[in-house]
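Everything on this sheet refers to the single structure shown next.
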Amino acid sequence: QSLNTIKKRGKLIIGTEPTFPPFEFVDEKNQIVGFDIDIANELAKRLGVKLEIVSLPFDSLIPALQQGKIDLIIAGMTITEERAKVVDFSKPYFEANQALVVRGDSKFQPKKIEDLVGKKVAVQLGTTGDLVVSEVKGIEVVRFQKFTDAFLELQNGRVDAVVLDEAPAKAYVKKFPKFILSAVIDTGETYGIAVKKGNRELLNFVNQTLDILKSTGVYNRLLQKWFE
Ligand code: ARG
(Lines give C-alpha, C1' and ligand atoms only; values in the text may rest on other atoms or scores of the structure.)
Protein backbone atom coordinates (compact mmCIF):
# COMPACT_ATOMS: atom_id res chain seq x y z
CA GLN A 1 0.00 0.00 0.00
CA SER A 2 1.90 2.98 -1.29
CA LEU A 3 0.65 6.42 -0.30
CA ASN A 4 -0.71 6.75 -3.82
CA THR A 5 -2.74 3.55 -3.56
CA ILE A 6 -4.24 4.83 -0.32
CA LYS A 7 -5.00 8.23 -1.85
CA LYS A 8 -6.59 6.70 -4.95
CA ARG A 9 -8.65 4.39 -2.78
CA GLY A 10 -9.77 7.45 -0.81
CA LYS A 11 -9.46 5.82 2.59
CA LEU A 12 -6.86 4.83 5.12
CA ILE A 13 -7.69 1.43 6.61
CA ILE A 14 -6.52 0.85 10.16
CA GLY A 15 -6.88 -2.27 12.27
CA THR A 16 -7.53 -2.17 15.99
CA GLU A 17 -9.06 -4.11 18.88
CA PRO A 18 -11.51 -1.81 20.64
CA THR A 19 -11.74 -3.00 24.25
CA PHE A 20 -8.72 -0.94 25.28
CA PRO A 21 -9.85 2.41 26.73
CA PRO A 22 -8.85 5.21 26.43
CA PHE A 23 -6.87 4.17 23.34
CA GLU A 24 -9.75 2.47 21.51
CA PHE A 25 -13.17 1.56 22.82
CA VAL A 26 -16.82 1.57 21.82
CA ASP A 27 -18.73 4.57 23.19
CA GLU A 28 -22.45 5.01 24.06
CA LYS A 29 -23.19 5.80 20.42
CA ASN A 30 -21.60 2.50 19.40
CA GLN A 31 -18.68 4.30 17.75
CA ILE A 32 -15.07 3.27 18.10
CA VAL A 33 -13.29 6.24 19.69
CA GLY A 34 -10.14 7.00 21.66
CA PHE A 35 -6.65 8.42 21.65
CA ASP A 36 -5.40 6.05 18.93
CA ILE A 37 -8.47 6.73 16.81
CA ASP A 38 -7.84 10.48 16.99
CA ILE A 39 -4.26 9.91 15.87
CA ALA A 40 -5.54 7.72 13.03
CA ASN A 41 -7.92 10.51 12.05
CA GLU A 42 -5.03 12.99 11.96
CA LEU A 43 -3.13 10.61 9.67
CA ALA A 44 -6.12 10.23 7.33
CA LYS A 45 -6.80 13.98 7.34
CA ARG A 46 -3.21 14.72 6.37
CA LEU A 47 -3.46 12.23 3.52
CA GLY A 48 -6.72 13.80 2.41
CA VAL A 49 -8.64 10.53 2.75
CA LYS A 50 -11.36 9.05 4.94
CA LEU A 51 -10.60 6.74 7.84
CA GLU A 52 -11.90 3.18 7.88
CA ILE A 53 -11.58 1.24 11.12
CA VAL A 54 -11.42 -2.54 11.04
CA SER A 55 -12.08 -4.18 14.38
CA LEU A 56 -10.25 -7.47 14.91
CA PRO A 57 -9.09 -9.72 17.74
CA PHE A 58 -5.72 -8.43 18.95
CA ASP A 59 -3.82 -11.52 17.81
CA SER A 60 -5.30 -11.20 14.29
CA LEU A 61 -3.97 -7.68 13.71
CA ILE A 62 -0.47 -8.61 12.58
CA PRO A 63 -1.69 -11.34 10.17
CA ALA A 64 -4.23 -8.86 8.71
CA LEU A 65 -1.45 -6.33 8.17
CA GLN A 66 0.76 -8.92 6.53
CA GLN A 67 -2.07 -9.97 4.23
CA GLY A 68 -2.65 -6.35 3.19
CA LYS A 69 -6.17 -6.22 4.63
CA ILE A 70 -5.26 -3.13 6.66
CA ASP A 71 -2.71 -0.36 6.10
CA LEU A 72 -1.76 0.24 9.72
CA ILE A 73 -2.19 -1.21 13.19
CA ILE A 74 -3.03 1.39 15.82
CA ALA A 75 -3.93 -0.57 18.91
CA GLY A 76 -1.78 0.45 21.85
CA MET A 77 0.58 -2.15 20.48
CA THR A 78 3.84 -2.55 22.37
CA ILE A 79 6.98 -2.51 20.28
CA THR A 80 8.59 -5.91 20.94
CA GLU A 81 11.54 -7.62 19.32
CA GLU A 82 9.37 -10.54 18.24
CA ARG A 83 6.80 -8.32 16.54
CA ALA A 84 9.49 -6.11 14.98
CA LYS A 85 10.69 -9.19 13.08
CA VAL A 86 7.40 -9.34 11.17
CA VAL A 87 6.16 -5.73 11.02
CA ASP A 88 7.82 -2.30 11.04
CA PHE A 89 7.05 0.04 13.93
CA SER A 90 6.87 3.81 13.99
CA LYS A 91 8.79 5.73 16.61
CA PRO A 92 7.35 5.19 20.09
CA TYR A 93 4.30 7.36 20.80
CA PHE A 94 3.38 6.26 24.34
CA GLU A 95 5.00 4.68 27.39
CA ALA A 96 3.30 1.88 29.29
CA ASN A 97 3.53 -0.66 32.09
CA GLN A 98 1.40 -3.62 33.12
CA ALA A 99 -1.09 -3.48 35.98
CA LEU A 100 -2.87 -6.01 38.19
CA VAL A 101 -6.60 -5.54 38.70
CA VAL A 102 -8.61 -7.46 41.33
CA ARG A 103 -12.03 -7.22 43.00
CA GLY A 104 -12.08 -4.55 45.69
CA ASP A 105 -13.96 -6.81 48.11
CA SER A 106 -11.41 -9.63 47.97
CA LYS A 107 -8.54 -10.03 50.44
CA PHE A 108 -6.27 -10.92 47.54
CA GLN A 109 -4.07 -7.90 46.79
CA PRO A 110 -1.18 -9.05 44.59
CA LYS A 111 1.78 -6.67 44.46
CA LYS A 112 3.96 -8.55 41.99
CA ILE A 113 3.53 -11.14 39.23
CA GLU A 114 4.80 -13.94 41.52
CA ASP A 115 1.86 -13.26 43.87
CA LEU A 116 -0.37 -14.63 41.10
CA VAL A 117 1.06 -18.16 41.41
CA GLY A 118 -1.72 -20.61 42.19
CA LYS A 119 -4.36 -18.14 40.98
CA LYS A 120 -6.52 -17.83 37.89
CA VAL A 121 -5.52 -14.81 35.88
CA ALA A 122 -7.27 -13.34 32.84
CA VAL A 123 -5.36 -11.68 30.00
CA GLN A 124 -5.98 -10.71 26.41
CA LEU A 125 -4.69 -13.36 24.03
CA GLY A 126 -1.36 -12.44 22.48
CA THR A 127 -0.68 -9.30 24.51
CA THR A 128 2.40 -8.44 26.51
CA GLY A 129 0.28 -9.04 29.63
CA ASP A 130 -0.26 -12.60 28.36
CA LEU A 131 3.52 -12.98 27.94
CA VAL A 132 4.34 -11.61 31.39
CA VAL A 133 2.07 -14.04 33.24
CA SER A 134 2.75 -17.00 30.94
CA GLU A 135 6.46 -16.77 31.80
CA VAL A 136 5.81 -17.55 35.45
CA LYS A 137 5.16 -21.20 36.32
CA GLY A 138 2.09 -22.01 38.36
CA ILE A 139 -0.20 -19.21 37.20
CA GLU A 140 -3.39 -20.49 35.59
CA VAL A 141 -3.73 -18.17 32.61
CA VAL A 142 -7.17 -17.71 31.06
CA ARG A 143 -6.97 -15.98 27.68
CA PHE A 144 -9.73 -13.78 26.24
CA GLN A 145 -10.08 -11.94 22.95
CA LYS A 146 -11.88 -9.05 24.62
CA PHE A 147 -10.90 -7.28 27.83
CA THR A 148 -14.62 -6.72 28.46
CA ASP A 149 -15.00 -10.50 28.78
CA ALA A 150 -11.92 -10.76 31.00
CA PHE A 151 -13.47 -8.22 33.40
CA LEU A 152 -16.82 -10.03 33.31
CA GLU A 153 -15.01 -13.13 34.56
CA LEU A 154 -13.33 -11.10 37.29
CA GLN A 155 -16.68 -9.69 38.34
CA ASN A 156 -18.24 -13.17 38.44
CA GLY A 157 -15.38 -14.49 40.52
CA ARG A 158 -14.27 -16.99 37.90
CA VAL A 159 -10.80 -15.42 37.78
CA ASP A 160 -8.79 -13.77 40.57
CA ALA A 161 -7.11 -10.99 38.59
CA VAL A 162 -6.80 -9.34 35.19
CA VAL A 163 -3.39 -8.28 33.87
CA LEU A 164 -3.31 -5.48 31.31
CA ASP A 165 -1.66 -2.18 30.46
CA GLU A 166 -1.82 0.49 33.15
CA ALA A 167 -3.88 3.18 31.38
CA PRO A 168 -6.65 0.78 30.28
CA ALA A 169 -6.54 -0.81 33.76
CA LYS A 170 -7.22 2.61 35.27
CA ALA A 171 -10.00 3.25 32.78
CA TYR A 172 -11.76 -0.03 33.70
CA VAL A 173 -11.34 0.61 37.43
CA LYS A 174 -12.83 4.08 36.99
CA LYS A 175 -15.79 2.67 35.08
CA PHE A 176 -16.35 -0.26 37.46
CA PRO A 177 -15.62 0.86 41.05
CA LYS A 178 -15.91 -2.73 42.31
CA PHE A 179 -12.45 -3.34 40.82
CA ILE A 180 -9.19 -2.00 42.19
CA LEU A 181 -5.74 -1.62 40.74
CA SER A 182 -3.58 -3.57 43.18
CA ALA A 183 -0.16 -3.01 41.57
CA VAL A 184 1.71 -1.60 38.61
CA ILE A 185 4.48 -3.80 37.21
CA ASP A 186 7.27 -1.78 35.65
CA THR A 187 7.69 -3.35 32.21
CA GLY A 188 8.94 -0.23 30.43
CA GLU A 189 6.93 -0.76 27.25
CA THR A 190 6.41 1.72 24.43
CA TYR A 191 3.64 1.71 21.85
CA GLY A 192 4.22 2.01 18.13
CA ILE A 193 2.09 2.18 15.01
CA ALA A 194 2.78 -0.84 12.79
CA VAL A 195 3.08 -0.92 9.02
CA LYS A 196 3.70 -3.87 6.74
CA LYS A 197 7.36 -4.87 6.79
CA GLY A 198 9.30 -2.87 4.24
CA ASN A 199 6.67 -0.17 3.66
CA ARG A 200 9.13 2.67 4.06
CA GLU A 201 6.95 5.29 2.45
CA LEU A 202 4.01 4.78 4.79
CA LEU A 203 6.32 4.43 7.78
CA ASN A 204 8.03 7.74 6.99
CA PHE A 205 4.68 9.43 6.60
CA VAL A 206 3.53 8.09 9.99
CA ASN A 207 6.76 9.18 11.71
CA GLN A 208 6.64 12.64 10.13
CA THR A 209 3.03 13.06 11.15
CA LEU A 210 3.78 12.01 14.74
CA ASP A 211 6.54 14.68 14.79
CA ILE A 212 4.14 17.29 13.47
CA LEU A 213 1.43 16.33 15.96
CA LYS A 214 3.97 16.76 18.76
CA SER A 215 5.51 20.01 17.56
CA THR A 216 2.13 21.65 16.90
CA GLY A 217 0.67 20.73 20.29
CA VAL A 218 -2.00 18.46 18.82
CA TYR A 219 -0.47 15.45 20.57
CA ASN A 220 -0.61 17.19 23.96
CA ARG A 221 -4.17 18.28 23.37
CA LEU A 222 -5.10 14.65 22.69
CA LEU A 223 -3.31 13.55 25.88
CA GLN A 224 -5.38 16.05 27.83
CA LYS A 225 -8.55 14.96 26.09
CA TRP A 226 -8.16 11.25 26.88
CA PHE A 227 -6.02 11.07 30.05
CA GLU A 228 -6.63 13.05 33.12
N1 ARG B 1 0.26 -3.18 24.85
C2 ARG B 1 -0.18 -4.54 24.88
C3 ARG B 1 0.44 -5.33 23.76
O4 ARG B 1 0.92 -4.79 22.82
C5 ARG B 1 -1.68 -4.68 24.83
C6 ARG B 1 -2.32 -4.02 23.66
C7 ARG B 1 -3.79 -4.37 23.54
N8 ARG B 1 -4.43 -3.50 22.62
C9 ARG B 1 -5.71 -3.56 22.28
N10 ARG B 1 -6.17 -2.66 21.46
N11 ARG B 1 -6.46 -4.52 22.71
O12 ARG B 1 0.45 -6.51 23.76
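The values are calculated or read from the model by the stated rules, or taken from the named source; none is laboratory data. What you see is a predicted model, and the numbers here were worked out from it, not measured in a lab. As a convention, Cβ positions derive from the backbone with ideal geometry for all residues, glycine included, and neighbour counts pool all protein chains shown. Side chains are part of the model used for accessible areas, which takes the heavy atoms of the whole protein and leaves out ligands, DNA and RNA. Shrake-Rupley method; radii C 1.70, N 1.55, O 1.52, S 1.80 Å.
Some observations on this one:
- Solvent-accessible surface (1.4 angstrom probe) belonging to Lys175, in square angstrom, nearest 10: 140
- The chain: most fluctuating residue of Phe20, Phe176, Phe151 per GNM, C-alpha cutoff 10 Å: Phe176
- Theoretical FRET efficiency, 1/(1+(r/R0)^6), r = Cβ-Cβ of Asn4 and Lys174, R0 35 Å, to 0.05: 0.20
- Expressed per residue, the C-alpha convex hull volume of the chain stands at 116 Å³.
- Note: relative contact order over the range 97-189, using C-alpha pairs below 8 Å and six or more positions apart, is 47 percent.
- Shape annotation for the range 1-122: C-alpha extents along the principal axes are 58, 38, 22 Å, from largest to smallest.
- Most fluctuating residue given options Val184, Val218, Val142, as computed from a GNM of the chain linking Cα atoms under 10 Å: Val218
- Distance between the modelled labels on Ala84 and Lys11, one decimal in nanometres: 3.3 nm (7 Å Cα→Cβ projection).
- Low-density loop positions, GluC sites (Glu not before Pro), the range 130-205 - DSSP coil, at most 11 other Cβ in 10 Å: Glu135
- Available extension along the chain between Asn97 and Lys225 is 44.0 nm, counting 0.36 nm per residue and deducting the alpha carbon span.
- Choice from Thr78, Thr16, Thr216 with maximal GNM fluctuation in the chain (Cα, 10 Å cutoff): Thr216
- Evaluated over the Cα positions of the range 97-189, the convex hull gives a direction-averaged projected area, one quarter of its surface, of 5.0 nm².
- Estimated distance in nm for a label pair at Asp186 and Asp149, the labels positioned 7 Å out from Cα along Cα-to-Cβ: 3.5
- Accessible surface of the chain [probe 1.4 Å, protein heavy atoms]: carbon and sulfur percent: 50
- Using the Cβ-Cβ distance between Glu135 and Lys50 with R0 = 25 Å, the FRET efficiency computed as 1/(1 + (r/R0)^6) comes to roughly 0.05.
- Value of relative contact order over the chain, rounded to a whole percent, pairs C-alpha under 8 Å and six or more apart: 27
- Contact order relative to length of the range 75-140, as percent, for alpha carbon pairs under 8 angstrom and 6 or more apart: 27
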